[in-house]
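Take a look at the structure set out below.
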Ligand code: PFF
């Protein structure tokens, strides 16, 4: 027996999964990547992957956690045994752990920026400030490795405390208030943007789909973002799935998570770009986008210091509930595998991610250019880590889809999903063919030497067909 406990309340998984999904990915990363990639085209790929690939994989990943009732790595090992399939699938767990570690390293640094802005808001330092002052202030933060390291340390230590003491299951009531509050305050900012900014320009920027606008790497970023925002392909959802009650509906829960997550990203995007266009700011200014535009609105709004302070506190809460879901799978593994205590396991994961995070810290100042990362990969360490996660998460998701759709004994999967046979057939078609083909397509499309759409289309079909035939043969002569 795994000794895993199960959340007593049926809705807890939903809340925890929303807590994991909604975070800096929606508020900081989505707007900045959309801005850098020219708007609508990016959103189109992002939205398509969420619905055709993300939701089915979200269902699959939750299911893997719930049937195994173990931490991701041990759970995968267990499933390969009980379903008598290749041990190689265990790599899903390892790849996930690697992604979690990489993401946590930079996530905490960015959350540190939110900590800085919470402080600035609550002390009223930015009241009445103009665009120049605010952007100078942000640049000053970036220029200070000391300040950034301090905030990074505070944030990661806070997350570690919550997971280490095992109280993350108790933050349920906090999330119940925080998530709706975050949404309400985003709406307030959006209304401010509608009145004082240019919501028309924002809407046409976000919803004019001209696919030719998207660069090759833009494709990868859009797909990576859809996995990132749903916390997919890296064990977080699997780890939470392990605690999910057996009576809750997997499909309904997954659809609800994706819906809420997308709604938050869209409202944040609309609000931020209304302000960007209203104030004549740069759409493609990169990772600082949210931290430069929103304080500008709060500087001018009545009670802005208070509204801004509450806003950034909620951002921090959303970031915390995501970062604890990055720590959980790796910590749970260390506990199960090496019999460590929870605090020991969390300390190992967090200290390593903290040290790795220093690479992100220096990417914005002392190592902003001229490093080995720039000469080898043409980008900073932070951008390189982001690129890796944009590859690892979809790759993990692809493997999860194939594992759930082909390698597991399907009669048991059907039982676990417990949906109507038609829905089961639809889900299985999506994880068997559509998800893997879409992810392979984007990977192939991103290779600069492969031009146009024909080769990626054919290539992805061939990959999926080869896999399908291989699995069929394997199942028809079990030896
Ligand atoms: N989904 C989170 C966000 O959008 O901020 C980030 C994240 C959390 C990614 C947990 C992956 C993960 F496992």
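Residue 322 versus (1) away from the ligand (no atom under 16 Å from the Cβ); (2) in contact with a helix residue (DSSP H, G or I) (Cβ under 6 Å, 6 or more places away or on another chain); (3) in a helix (DSSP H, G or I): which is the lone unmet condition?
The number of the failed condition is (1).
Test residue 329 against the stated conditions and say whether it is away from the ligand (no atom under 16 Å from the Cβ), in a helix (DSSP H, G or I) and within 27 Å of residue 354 (Cβ to Cβ). Full working, then the answer.
Numbers: away from the ligand (no atom under 16 Å from the Cβ): no; in a helix (DSSP H, G or I): yes; within 27 Å of residue 354 (Cβ to Cβ): yes.
The answer is no for residue 329.
Return the total of residues in the range 218-257 being assigned to a loop (DSSP other than H, G, I, E, B) and within 10 Å of the ligand (Cβ to nearest atom).
Restricting attention to the range 218-257, the residues satisfying the condition of being assigned to a loop (DSSP other than H, G, I, E, B) are 230-235, 242-249.
Now restrict to residues that are within 10 Å of the ligand (Cβ to nearest atom): 230-235.
Of the residues in that region, 6 qualify.
Surrounded by fewer than 24 Cβ atoms within 10 Å (Cβ to Cβ), in a helix (DSSP H, G or I) and away from the ligand (no atom under 16 Å from the Cβ) - does that describe any residue in the range 258-268?
no
Name every residue in the range 388-424 that is free of Cβ contacts under 8 Å to residues at least 12 places away in the same chain and over 25 Å from residue 244 (Cβ atoms), in order of residue number. Lay out the reasoning, then the answer.
Restricting attention to the range 388-424, the residues satisfying the condition of being free of Cβ contacts under 8 Å to residues at least 12 places away in the same chain are 411, 414-415, 420-422, 424.
Correct list: empty.
When you scan the range 199-217, how many residues do you find that are closer than 21 Å to residue 391 by Cα and not in a helix (DSSP H, G or I)?
Final tally of qualifying residues: 2.
Return a yes/no flag: does the range 317-325 have any residue that is farther than 26 Å from residue 166 by Cβ and touching a residue at least 40 places away in the same chain (Cβ under 8 Å). So that I can check it myself, show each step before the final result.
The first filter runs over the range 317-325 and keeps only residues farther than 26 Å from residue 166 by Cβ, leaving none.
No, the range 317-325 has no match at all.
Within the range 178-205, can you find the residues that are surrounded by fewer than 20 Cβ atoms within 10 Å (Cβ to Cβ), within 25 Å of the chain's Cα centre (by Cα) and away from the ligand (no atom under 16 Å from the Cβ)?
Answer for the range 178-205, where residues must be surrounded by fewer than 20 Cβ atoms within 10 Å (Cβ to Cβ), within 25 Å of the chain's Cα centre (by Cα) and away from the ligand (no atom under 16 Å from the Cβ): 180, 181, 184, 185, 187, 188, 203.
Could we say that residue 306 is surrounded by 24 or more Cβ atoms within 10 Å (Cβ to Cβ), more than 12 Å from the ligand (Cβ to nearest atom) and more than 16 Å from residue 349 (Cα to Cα) here?
Values: surrounded by 24 or more Cβ atoms within 10 Å (Cβ to Cβ): no; more than 12 Å from the ligand (Cβ to nearest atom): yes; more than 16 Å from residue 349 (Cα to Cα): yes.
So residue 306 does not fit the description; no.
Among the residues of the range 20-41, what is the count of those that are outside any loop (DSSP other than H, G, I, E, B) and either within 16 Å of the ligand (Cβ to nearest atom) or in contact with a strand residue (DSSP E or B) (Cβ under 8 Å, 6 or more places away or on another chain) (or both)? Before the answer, list the steps.
Filtering the range 20-41 down to residues outside any loop (DSSP other than H, G, I, E, B) leaves 20-21, 24-36, 40-41.
Still in the list and also either within 16 Å of the ligand (Cβ to nearest atom) or in contact with a strand residue (DSSP E or B) (Cβ under 8 Å, 6 or more places away or on another chain) (or both): 20-21, 24-34.
Residues flagged as outside any loop (DSSP other than H, G, I, E, B) and either within 16 Å of the ligand (Cβ to nearest atom) or in contact with a strand residue (DSSP E or B) (Cβ under 8 Å, 6 or more places away or on another chain) (or both) within the range 20-41 amount to 13.
Hey, does the range 145-153 have a residue that's surrounded by fewer than 18 Cβ atoms within 10 Å (Cβ to Cβ), in contact (Cβ under 8 Å) with a residue 40 or more places away in the chain, over 18 Å from residue 270 (Cβ atoms) and within 22 Å of the chain's Cα centre (by Cα)?
Start the filter on the range 145-153 by keeping residues that are surrounded by fewer than 18 Cβ atoms within 10 Å (Cβ to Cβ), which leaves 145-147, 149-150, 153.
This time we only want the ones that are in contact (Cβ under 8 Å) with a residue 40 or more places away in the chain, so: 145, 149, 153.
Filter once more, keeping what is over 18 Å from residue 270 (Cβ atoms): 145, 149, 153.
Pick out the ones that are also within 22 Å of the chain's Cα centre (by Cα) and you get 153.
Yes: one or more hits.
Output the qualifying pairs, or none if there are none: Cβ atoms under 6 angstrom, residues six or more apart or on different chains, first residue in the range 19-47 and touching a residue at least 60 places away in the same chain (Cβ under 8 Å) and under 11 Å from residue 265 (Cβ atoms), second residue within 8 Å of the ligand (Cβ to nearest atom) and not in a helix (DSSP H, G or I).
21/230; 21/231
Suppose we filter the range 125-166 for residues that are outside any helix (DSSP H, G or I) and closer than 27 Å to residue 329 by Cβ; how many remain? Let's see the steps before the verdict.
Initial filter on the range 125-166 (outside any helix (DSSP H, G or I)): 125-130, 144, 165-166.
Narrowing further to those that are closer than 27 Å to residue 329 by Cβ: 165-166.
Residues that pass the stated criteria total 2.
Hey, among 296, 316, 275, which residue is within 16 Å of the ligand (Cβ to nearest atom) and in a helix (DSSP H, G or I)?
Details: 296 fails: within 16 Å of the ligand (Cβ to nearest atom); 275 fails: within 16 Å of the ligand (Cβ to nearest atom).
Only one candidate passes the filter, namely 316.
Please go through (1) surrounded by 20 or more Cβ atoms within 10 Å (Cβ to Cβ); (2) within 19 Å of the chain's Cα centre (by Cα) for residue 47 and return the number of the only condition it doesn't satisfy.
With (1) surrounded by 20 or more Cβ atoms within 10 Å (Cβ to Cβ); (2) within 19 Å of the chain's Cα centre (by Cα) applied to residue 47, the lone miss is (1).
Could we say that residue 111 is within 15 Å of the ligand (Cβ to nearest atom) and assigned to a helix (DSSP H, G or I) here? I'd like the intermediate steps shown before the answer.
Numbers: within 15 Å of the ligand (Cβ to nearest atom): yes; assigned to a helix (DSSP H, G or I): yes.
Spelling it out, residue 111 is indeed within 15 Å of the ligand (Cβ to nearest atom) and assigned to a helix (DSSP H, G or I).
Which residues, taken from the range 5-19, are surrounded by fewer than 24 Cβ atoms within 10 Å (Cβ to Cβ) and either assigned to a helix (DSSP H, G or I) or within 16 Å of the ligand (Cβ to nearest atom) (or both)? It would help to see each step written out before you state the result.
In the first step, residues of the range 5-19 are kept if they are surrounded by fewer than 24 Cβ atoms within 10 Å (Cβ to Cβ); the result is 5-12, 14-15, 18.
Listed by number, the residues that qualify are 12, 14, 15, 18.
Can you tell me which of 288, 278 is within 27 Å of residue 231 (Cα to Cα) and surrounded by fewer than 22 Cβ atoms within 10 Å (Cβ to Cβ)? Before the answer, list the steps.
Working: 278 fails: within 27 Å of residue 231 (Cα to Cα).
Every option except 288 fails the conditions.
From 443, 429, grab the single residue that is in a helix (DSSP H, G or I), out of contact with any helix residue (DSSP H, G or I) (no Cβ under 7 Å at 6 or more places or on another chain) and under 19 Å from residue 215 (Cβ atoms). Break it down stepwise before answering.
Details: 429 fails: under 19 Å from residue 215 (Cβ atoms).
Checking each option against the conditions leaves just 443.
FYI, it's all coordinate maths here, none of it is from the lab. What you see is a predicted model; the values in this text were computed from it and never measured. FYI the Cβ positions are ideal-geometry reconstructions off the backbone, even for glycines, and counts take in every protein chain you see.
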